[in-house]
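Worksheet for the structure shown next.
A short reminder: the numbers here are calculations on the coordinates, not readings from a lab. Treat the numbers as computed from the prediction; the structure is a model and nothing was measured. Positions of Cβ are generated from backbone atoms using ideal geometry, with glycine treated the same way; all protein chains shown enter the neighbour counts.
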Amino acid sequence: MSKQINPIDQYIISDEPFYQSIGDEVSLYQAAYDERLPVMIKGPTGSGKSRFIEYMAWKLGKPLITVACNEDMTASDLVGRYLLDADGTRWLDGPLTVAARHGAICYLDEVVEARQDTTVVIHPLTDHRRELPLDKKGELIKAHADFQLVISYNPGYQSLMKDLKQSTKQRFSALSFEYASPDLEAHIIATETGCDKGLAAKLVQVGAAARNLKGHGLDEGISTRLLVYAARLIDRDINPIAACRMALVEPITDDVDIRSTLNHAIDAVFT
């Protein structure tokens, strides 16, 4: 007799992801999970939100199902739909349903990108009911005891058209993420890439210069993720100035003046 495969085994994180805690976010999240509270992670792009959730899923030993939200995502993409095959129709659970049915952490990344009529389907899972109605199938799922819902978004990009409703926000506990302090960010870059601490510190200086331009020509500063990219390019024997322009300037702006300002900052740090 063949062994039955658990459909969420593929979502188990077997290797520890590198994550450097900045404050008490690990203990706070642990407490929220112990109480099965839904959690909202807020913070700028590349500040470690997704890595943190991966780390916590590994630490808790729970499977993690991640959904990258977008404006074309429908409720059916989350909960499931009927599909046609050779034998007729069959129901296919969506990622949210799989997580609720089998007991995984479901992470809706950048949930603000999804349409508001789509995010409404998560509401019954975020209060005392902890249930998910599958209207098309006529089934009501009581969430597994290990299920938890986590969402993230970047408040810096919120607008009248792209923001979470208060009726959604007030269903979640929340953690706010910011970029790490210069010393800690340099440590993260050095640990993540194996580069020396001196190089990591220089990259952090460039990142700080860009973040000072947020709201003054830049919508968002240089993320820790991009600083890691620059370090990896330099590790490939790419000239540091060229690597920084490729990884830190070109991705974030097309404005000639802003690019010139950032290039001057890179030149000042590396020459």
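Report the local net charge at P63: Lys and Arg +1, Asp and Glu -1, summed over other residues whose C-beta lies under 9 Å from its C-beta.
Net local charge, P63 excluded: -1.
Scan segment 141-210 for chymotrypsin sites (Phe, Trp or Tyr not before Pro) in coil per DSSP, keeping those whose Cβ has at most 11 other Cβ atoms within 10 Å, and list them by number.
Loop-located and lightly packed - none at all.
Taking segment 228-271, which trypsin sites (Lys or Arg not before Pro) meet the DSSP loop condition and have no more than 11 other C-beta atoms within 10 Å?
Qualifying residues, ordered by number: R236.
Restricting to bridges with both residues inside the chain, how much of the DSSP beta-bridge set is antiparallel, in percent to the nearest 5?
Percent antiparallel among DSSP bridges in the chain is about 35.
Can you give the three extents of the C-alpha atoms in segment 182-270 along their principal axes, from longest to shortest, in whole Å?
32, 25, 20
Going from the alpha-carbon gyration tensor of segment 1-107, what semi-axes, largest first and in whole Å, does one get by taking the root of 5 times each eigenvalue?
30, 18, 12
Taking GluC sites (Glu not before Pro) as candidate sites, keep only those in a DSSP loop with at most 15 other Cβ atoms within 10 Å, then name the longest stretch of the chain containing none of them.
After excluding every exposed loop site, the longest remaining stretch is 72-177.
For the chain, evaluate the Debye formula with one uniform point scatterer on each Cα (no solvent term) and list log10 I(q)/I(0) at q = 0.09, 0.10 Å⁻¹, rounded to two decimals.
These q points yield log10 I(q)/I(0) values of -0.50, -0.61.
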